[in-house]
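Scroll down for the structure; my scribbles are underneath it.
Derivation of every value follows stated rules applied to the coordinates shown; laboratory data play no part. Bear in mind the structure is a predicted one, so any value in this text is a computation, not a measurement. Cβ coordinates were reconstructed from backbone atoms using ideal geometry, including for glycine residues, and neighbour counts include every protein chain displayed.
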Amino acid sequence: MAMIDFFDRGWLLNRHGTAYVIGGERWSYDETYRLTCQIAHGLIDAGLTKQAKGAVLAGNHPLAWMCVLGMWRAGLAWVPLNPRAGVDESVGLLKNFDAEVLFVQAAFAPMLDAVRAGCPGLKHFVCIDGDIPGCTSLATWLEGKPATSPKVEFDMSDVVAIMPTGGTTGAPKGVMQTHRNLGVSIASSLMNLHYAPGEPIVNLAAAPMTHSAGFLSLSATVRGGTVVILSKPDPVALVDAIEQHRVTEFFLPPTVIYRLLEMPGIDQRDFSSLRYFMYGAAPMSVEKLKKALSVFGPVMFQGYGQTEAPGAIAFMRPGDHFVGDGLASDERLNACGLPCASNGLAIMNDEGHVLPAGESGEICVRGDLVMKGYYKQPDRTAEVITDGWLHTGDIGHVDLEGFLHITDRKKDMIISGGFNVYPSEVEQVIWSHPAVQDCAVIGVPDDTWGEAVKAIVELVPGGAVEPDELIAMCRERLGPVKTPKSVEIIAQLPRSSVGKVLKKDLRASYWRNAQRAI
């Protein structure tokens, strides 16, 4: 199936039913279908050809997601932007991934001068919720456009999304995901998120739809379900929405789940409608997982994947959290699930040999789930895909029951609050300060974020800078997610004999009495 087919099948099943809800606003499947058709015709009439790149700069809102659906209907590839990112990151992605059209909410108008200056290839700007100088309003964009789907031929190897894995300095990697890649991911979800015929399906998109929530909503949409969208994952609004809309499934990263569990009176709220509470994107504390199971019931559902193999490397289904009439062991609860039947999985050593159960090595995946490659970076693609196997960079093992466990990472990437933070991005910004001689950015244990970004800085002789100044500089350039939560200034960074900073030594003191986040 092409990506737009996952919406259109829901439209065929439930034309007059509610597709999307936010606040007091509702869009039926038929209204959404017609709008996305008009958006697609607008793109085609503007001269945007199949496989052209488009982006949406907006918070969580149905119209923003409809613009993505409209791009897919026209055969375009979507470049996701994080609305919480700094302007430098957004400009870098739009430029490096060759975006030609940008749909934008009026709230982001202050960024547009920088976007225009940095992205000469952007030809079209469309404001989805008002009027911005230099932008076409969505109402104008839709004028006179047919509300029927344009004739576009899809090939399953066509790229439908270029998902960023890196940042703003140098050339970030863009993961090319195809109809086939994402279709396999959604099919895997459908195989594991079971509903009886006629049973209501209500998906809550509380996490950013530009991250995981957008794709996760499609398994509900394809079955004619309703997607309730929150503008941000506020715990009170989230719980209220579950009760009000009788939500049956939703996804949150562990850091938000932790805040939810601390909400006063949470154990008195009504979660009886829930079938699947999906978690992932970062490791979760076993103790807090146990508490979640007691509060929300036997509905926890973990997904393990990465951008290069989205969402469906392994699933920990609700029943996998239990053995007989009781909770499974801590060892089982610390697993990320059983490998999905839709792809191959192997644990390999550095020589590429497959290791037996119980032995640790690199987690490798093959099959239609695996990305097409990195955009315009064939050399980087060849580094991670060998003989059809994607080398994930995660270290783990498969136990004797077949459950996959992740124990470490080859790379220095930090997962903070469910978002990937690449230390080199942050280091580049800190290095730009004239008082900084060198720095190392690492992840340290944090009860809220899983890992917190920490910068350890060595100053030039006679240099002076306050930690708060470096934090403010990073926040301006990178946005809040990638900004260090703390900065420590030391006399000299530890280095190897060849002068390389020893990040492992820096991490050791923080992780000595804590399990390393995965």
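In plain terms, the chain from Val286 to Asp113 could stretch by 57.6 nm, reckoned as 0.36 nm per residue minus the Cα-Cα distance. Bridge orientation summary for the chain: considering DSSP beta bridges with both residues in this region, about 60 percent are antiparallel.
Label separation (Ser273 vs Ser360): 4.3 nm, computed from points 7 Å beyond Cα along the C-beta direction. Centre-to-centre, using Cα atoms only, region 187-226 and region 13-74 are separated by 17 Å.
Spin-label model, Arg495/Arg246: points 7 Å from Cα along the beta carbon direction are separated by 6.6 nm. Volume per residue of the convex hull around the Cα atoms, evaluated for region 14-71, comes out as 81 Å³.
Computed from label points 7 Å out along Cα-Cβ, the spacing between Asp155 and Arg15 is 3.4 nm. Only Lys, Arg, Asp and Glu carry charge here, each on its Cβ (+1 for the first two, -1 for the last two); on that basis region 416-511 has a dipole of about 320 debye about its Cα centre. Hull volume per residue, based on the alpha-carbon atoms of region 29-177 and their convex hull, is 106 Å³. Candidate values (1) 25.1; (2) 32.6; (3) 31.0 were compared with mean projected area of the Cα convex hull in nm² computed on the shown model; the agreeing label is (1). Protection proxy ranking of 339-349, 303-313, by the mean of other Cβ atoms within 10 Å over each peptide's residues and highest first, is 303-313, 339-349. Placing +1 on each Lys and Arg Cβ and -1 on each Asp and Glu Cβ, with no other charges, gives region 29-177 a dipole about its Cα centre of roughly 200 debye.
Say the dipole of region 29-177 comes from +1 at the beta carbon of Lys and Arg and -1 at that of Asp and Glu; which of Ala52, Gly144, Asn96 then lies farthest toward its positive end? Checking the options against the dipole of region 29-177, the answer is Asn96. Computed packing ranks the peptides 238-249, 201-212 as 201-212, 238-249, most packed first, by mean other Cβ atoms within 10 Å.
Once the Cα-Cα distance is subtracted from the 0.36 nm per residue extended length, the Phe322 to Ala237 segment shows a gain of 27.6 nm. Under 18 Å of direct C-alpha separation, and excluding same-chain neighbours fewer than eight residues apart, Lys123 reaches these aspartates and glutamates: Asp45, Asp98, Glu100, Asp113, Asp131.
Annotation: peptides 111-120, 71-80, 144-153, ranked by per-residue average of other Cβ atoms within 10 Å with the highest first, follow the order 71-80, 111-120, 144-153.
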